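Here is the structure we will look at, set down as C-alpha cells.
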Amino acid sequence: MLTEEDIRVVIGAGEYSNNPGWVETQEGDLNLLKEEDWAALFSENSIGAILAEHVWEHMTFEEGVRAARNCYQYLKPGGYVRCAVPDGNFPDKEYQRIVQVGGPGPADHPAASHKIVHTYHTLTEMFEEAGFQVRLLEYCDEDGRFIYNEWDEKDGYIYRSKRFDHRNSDGELKVVSLIVDAVKR
C-alpha cells in the first residue's frame, strides 16, 4: 500500500514508537484542527498515510469532520487515515464506563477529555462527510458482535487491536478499538 518515499505521519504519538520510519507528532507540533499547523509542516497532497490511535474521540463530531478535512487536503490521492477509537458498540459495561464522554474519574484520566464515543456508523459518516471512502477493519456491530477484516500492521500499527493488545492474549476480547482506513478518493 505504501511506498518507501511516502510521508507517513503519526498523530498523537505519545511515548510509544510503534511505527519506525513514521513522522511522530504531538498536539503541540500538529493540531489536527489548525490548518496553519499542517501548512507549516507539509505541502498539500504530499502525505501517504496518517495514523491516529485513540485521538478522534477527543474531538466533537464537528471537530472530527474539520480534522478529517485537513487530513484530506494534505493526503495524496489514494492516501489514507488509519484511525482507531474506542468502540461504542463493544458490549462490556466496564469498557464503556472507562471510555465514556468525560471519562470515569479525575481530570488527569486519559478519558477525561473524551467528547464522543463513536460507533462504526458515526466514524464512517464523519470521514465520508470529509470526502473519504471508508474501509472498516475492526468494529462491533449493533448487536455487539466483533467483526475483523484483515489489515497489515506495516500500513499503520495499532496496539489497541485484536491482534496486538496484550489484554486480549488469552483468546478473549477484553479491549477493542473501532479501526478504519479512510482513503482519499
Verdict on Ile158 being in contact with an Asp or Glu (Cβ under 6 Å, 6 or more places away or on another chain) and outside any loop (DSSP other than H, G, I, E, B): no
Qualifying residue in the stretch 72-90 (condition: modelled with pLDDT of 95 or more, under 16 Å from the mean Cα position of the chain (by Cα), farther than 13 Å from Phe127 by Cα and of a type in the set (D, E, K, R)): yes
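Please work out if Leu137 is surrounded by 19 or more Cβ atoms within 10 Å (Cβ to Cβ) and in contact (Cβ under 8 Å) with a residue 60 or more places away in the chain.
Answer is no for this residue.
Would you mind stating whether Gly171 is touching a residue at least 12 places away in the same chain (Cβ under 8 Å) and at positive phi?
Values: touching a residue at least 12 places away in the same chain (Cβ under 8 Å): no; at positive phi: yes.
Answer is no for this residue.
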Failed item, numbered, when Trp151 is tested on (1) surrounded by fewer than 13 Cβ atoms within 10 Å (Cβ to Cβ); (2) at pLDDT 95 or above: (1)
Those helices (runs of 4 or more DSSP H) lying entirely in the stretch 19-122 with at least 1 residues touching a residue at least 24 places away in the same chain (Cβ under 8 Å) and farther than 24 Å from Ile147 by Cα: 35-41, 61-74
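The values are calculated or read from the model by the stated rules, or taken from the named source; none is laboratory data. Worth saying up front: this structure is predicted, and the values here are computed from it rather than measured. When we count neighbours, we look across all protein chains shown, and the Cβ atoms used for this are built from the backbone with ideal geometry, even at glycine.
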